[in-house]
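Novice: Okay, here's the structure, questions in a sec.
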Amino acid sequence: MSEITSLTKDASFRYANALFNLALETNSAHKFEEDLDKILKIINEDPNFSLFIKSPLYPRENQLSTMKAIGLNLKLHANVINTILVMTSKRRLFALKEMILQYKDLCRNDRNELVVEVASVSELNQSDLEKIKKSINSKVDGNIIIKSKTDPNILGGLIVKVGSKLIDTSIRSKLAKLKNNLKEVG
């Protein structure tokens with residue numbers, strides 16, 4: 001499984017990087033990102049399309065004609081369509097979603113944006129989000145974008161993910177630590 005994940009990440013990064021460099025040359029990074037968001041929306045909302053791009057059972061010609069028709073129908077930039085068609089012809093269409101996510105990361109990096117994921121038991125209000133943003137901004141340079149989600153399983157507290165760092169102040173994790181401590185004693 002890890003070999004498949006590695007292959008997907010490697011392939012997706014190469015295509016995302018090539019498209020991003022092309023976007024920088026043509027000053028089209030934002031336009032390309034908008035176009036890729038249209039494709040990402042279809043992937044996330046249509047399980048049949050998601051299966052279509054992941055399955056090796058579809059003939060290459062069918063995938064090429066379908067992806068070209070989708071690109072033209074959505075009025076995607078020619079460079080975006082061509083990148084997707086190259087991925088398709090090389091049988092790398094399975095990496096399309098990961099490529100889009102990699103491209104978006106490259107754009108965020110270029111804009112000096114940092115995505116912070118915050119999980120809480122209930123929906124956080126705007127003032128709480130601003131406090132979290134201010135706290136992180138004091139430690140990290142860049143534009144902070146907070147993605148908030150609810151997770152009733154954490155019982156209380158917050159789980160904050162900043163890049164590769166995870167700050168877990170949830171009651172669930174504190175209970176798990178207490179349980180492990182009690183096992184060591186008994």
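Novice: In the set (i) 1.15; (ii) 1.28; (iii) 1.20, which value of Cα Rg over 2.2 N^0.38 Å was calculated from the structure you see?
Specialist: Label (ii) holds the value from this structure.
Novice: Further, regarding this structure: Give a quick list of GluC sites (Glu not before Pro) in segment 114-167 that DSSP marks as loop, anything other than H, G, I, E or B, with at most 11 other Cβ atoms within 10 Å.
Specialist: Here the GluC sites (Glu not before Pro) that fit, given the DSSP loop and packing criteria, are Glu123.
Novice: What is the angle, in °, between the Cα long axis of helix 60-73 and the longest principal axis of the Cα atoms in the chain? Nearest 10 is fine, range 0 to 90.
Specialist: Helix 60-73 and the main axis of the chain meet at about 80 degrees.
Novice: Moving on to the next point. Mind checking the angle between helix 2-26 and the chain's longest principal axis? C-alpha axes, 0 to 90 degrees, to the nearest 10.
Specialist: 70 degrees
Novice: Further question on the same structure: Going down the list Lys9/Lys161; Lys54/Lys165; Lys75/Lys104, which pairs span over 27 Å between their C-alpha atoms?
Specialist: Distance filter (> 27 Å) returns Lys54/Lys165.
Novice: May I pose another question? What list do you get for Ile145, Ile159 if you sort them by fewest beta carbons within 10 Å?
Specialist: If I rank by nearby Cβ atoms, fewest first, I get Ile145, Ile159.
Novice: Against the longest principal axis of the chain, how steep is helix 96-110, in degrees 0 to 90 to the nearest 10, with axes from Cα atoms?
Specialist: 70 degrees
Novice: Spelling out what I want: for every residue of segment 168-181, take phi, set θ = phi - 60°, compute 6.51 cos²θ - 1.76 cosθ + 1.60 (Karplus), and round to whole Hz; glycine and proline get x.
Specialist: 10, 10, 6, 5, 4, 5, 5, 5, 5, 5, 4, 4, 5, 4
Novice: Dipole magnitude of segment 112-185 about its Cα centre, charges +1 at Lys/Arg Cβ and -1 at Asp/Glu Cβ only, in debye to the nearest 20? Mind showing how you got there, number by number?
Specialist: Values: 13 positive and 9 negative charges, 61 e Å.
Dipole magnitude for segment 112-185 comes out near 300 debye.
Every number here is computed from the coordinates shown, using simple stated rules; none is lab data. The structure displayed is predicted, hence computed values, not measured ones. Here the Cβ is made from the backbone with ideal geometry for all residues, glycine too, and neighbour counts use every protein chain on show.
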